[in-house]
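Working notes for the structure below.
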Amino acid sequence: MKKMAQLSFFGLIACMAGTLLGCSKGSGNSITIGGIFPLSGSVAVYGVECKNGIDLAIEEINSAGGINGKQVTLLSEDDEGNPDKTVNAFKKLTTKDHVKIIIGSLTSGCTQAITTLSQASKIVQIAPAATAPAITDAGDYIFRACFIDPFQGTVGGKFATGDLGCKKAAILYDVGNDYSVGLTDNFEKSFTDAGGQIVAKESYSTGDKDFNAQLTKIKNASPDVVYLPDYYGTVALIAKQLRAQGINTPIVGADGWDGLTDNAGDEVLNGFYSNHYASDSTNPAVQKFVKAFNTKYGKDPNSFAALGYDCVYMLRDAIVKAGSTDSASVKDALAATNGDYVTGHLTFNEKHNPVKSAVILELVKGDNGKLKTVYKTTVNP
């Protein structure tokens, strides 16, 4: 869904022989950290954008002289959104490249595939956008920059009942996707706790393309809002079929919708989703980040770019506070994070989950006729 003053952390990390935080091949003049992202495949927009945010942070740090004169580089691996490939990438980075800090992966399933490995090897792992609650259960070396699904689902339910004034909701979700299931459970609870009624709850399987049977049942239930907790590619397909059936209610979702502006059309208008930050925020830190990103990449950054950017700065701050590149010291300092980043003010709870607010974005048409998001409201924890 989920930034930094920065590079010192990386420079320090690489300096220590044998326990290098990521100095590939023992180079004494550079610092390499590991990254695992879906740079290809069905959710590549998440990984590419996140890596872009990380690259920008590293570029800023290097332009300022690096850390202790050392330039920082990112050694990244493409897991294609496949958990088996995430494991292979982890093993390559940690056994061949001797990386001791990893940013990644992006989706919850891929991230969770390596958390126990990170914990056992005392690898500091920070997940930019893996929102499933169990991610940090593996132990105290595991962190995330994003809020978790229970909070997102609750935010969606509160927004649908409070801001949209909806009374009857339908849900269409992926029964085989932990992300989709977790959001569904918490949206349903939040919506009904606020006095709403779930009038239809339909499911599908990952990879399905035809949702018309489920949507016919949803249409017959006459909801005034439809909750679609899935990733942007599937949401775009569902929304097109949903509108074709004449279901013109608002649609609501979560941070997996990031990417719809470049992968959908008018069918997602009247759509709203919870996210980690708003690129049109008036916050000076956000404006600075958005301007720098736009200058470098020619477009506004989505939340995955912002979360990746924040990961670098949080790690930098932790290294500075620890005064050491020792993994245990970095881990302890990271746990004590209490600062302002692009995605908001952040502290960690005892499970290393961030305590921070969420924003609701609305999908609208810009003056150029293209889709864009605009800030709608903020929901606090």
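The values are calculated or read from the model by the stated rules, or taken from the named source; none is laboratory data. If you're wondering where the values come from, they're calculated on a predicted model, not measured in any experiment. Note that each Cβ is placed from the backbone with ideal geometry, even for glycine, and that neighbours are counted across all protein chains shown. Surface areas here come from the heavy atoms of the whole protein model, side chains and all, with no ligands, DNA or RNA. Shrake-Rupley method; radii C 1.70, N 1.55, O 1.52, S 1.80 Å.
The fraction of all Cα pairs in the chain landing in successive 10 Å bins from 0 to the largest distance is 6, 26, 33, 22, 10, 3, 0, given as whole percents.
How large is the helix-only mean residue ellipticity at 222 nm for the chain, computed as the sum of -39500 (n - 2.57) over DSSP H runs with n ≥ 4, divided by its residue count, in deg cm²/dmol to the nearest 500?
Roughly -11500 deg cm²/dmol at 222 nm, from the helical runs in the chain.
Dipole orientation for the chain: of the candidates LEU346, THR115, GLY196, LEU346 has the Cα lying most toward the positive pole (charges on Cβ; Lys, Arg +1; Asp, Glu -1). Note on region 97-139: percent of Cα-Cα distances in each 5 Å bin, starting at 0 and stopping at the bin with the largest distance, equals 5, 27, 38, 21, 8, 1. When the Cα positions of GLY265, ALA244, VAL225 are compared along the charge dipole of region 224-268, ALA244 comes out farthest toward the positive end, with charges on each C-beta of Lys, Arg, Asp and Glu. Heavy-atom accessible surface of VAL374, to the nearest 10 Å², is about 40 Å², with a 1.4 Å probe and all protein chains retained. Three principal axis extents describe the C-alpha atoms of region 42-174; from largest down they are 58, 34, 29 Å. Each residue was assigned an accessible area with a 1.4 Å probe, and for THR206 the value is about 100 Å². Greater than 23 Å separation of Cα atoms is the criterion. Which listed pairs, LYS168/LYS201; LYS91/LYS209; LYS51/LYS85; LYS291/LYS376; LYS219/LYS372; LYS85/LYS372, meet it? Among LYS168/LYS201; LYS91/LYS209; LYS51/LYS85; LYS291/LYS376; LYS219/LYS372; LYS85/LYS372, the Cα-Cα distance tops 23 Å for LYS91/LYS209; LYS219/LYS372; LYS85/LYS372.
Entry for region 76-123 at q = 0.22, 0.27 Å⁻¹: log10 I(q)/I(0) = -0.68, -1.03, Debye formula applied to identical alpha-carbon scatterers, no solvent contribution.
With a simple spin-label model that places each label point 7 Å from the Cα along the Cα-to-Cβ direction, the separation between VAL175 and GLN241 comes to 1.5 nm. Overall, the chain carries a charge dipole of about 420 debye about its Cα centre when +1 sits on the Cβ of Lys and Arg and -1 on the Cβ of Asp and Glu, all other atoms neutral.
Working note: Cα gyration tensor of region 135-237, eigenvalues times five, square-rooted, sorted largest first, giving semi-axes of 25, 19, 10 Å. The value for region 227-379 of Rg(Cα) / (2.2 N^0.38 Å) is 1.20. Taking 0.36 nm per residue of separation and subtracting the current Cα-Cα distance, fully stretching the chain between LYS122 and ALA328 would add 73.4 nm.
Measuring only protein heavy atoms, the 1.4 Å probe finds GLU362 accessible over about 40 Å².
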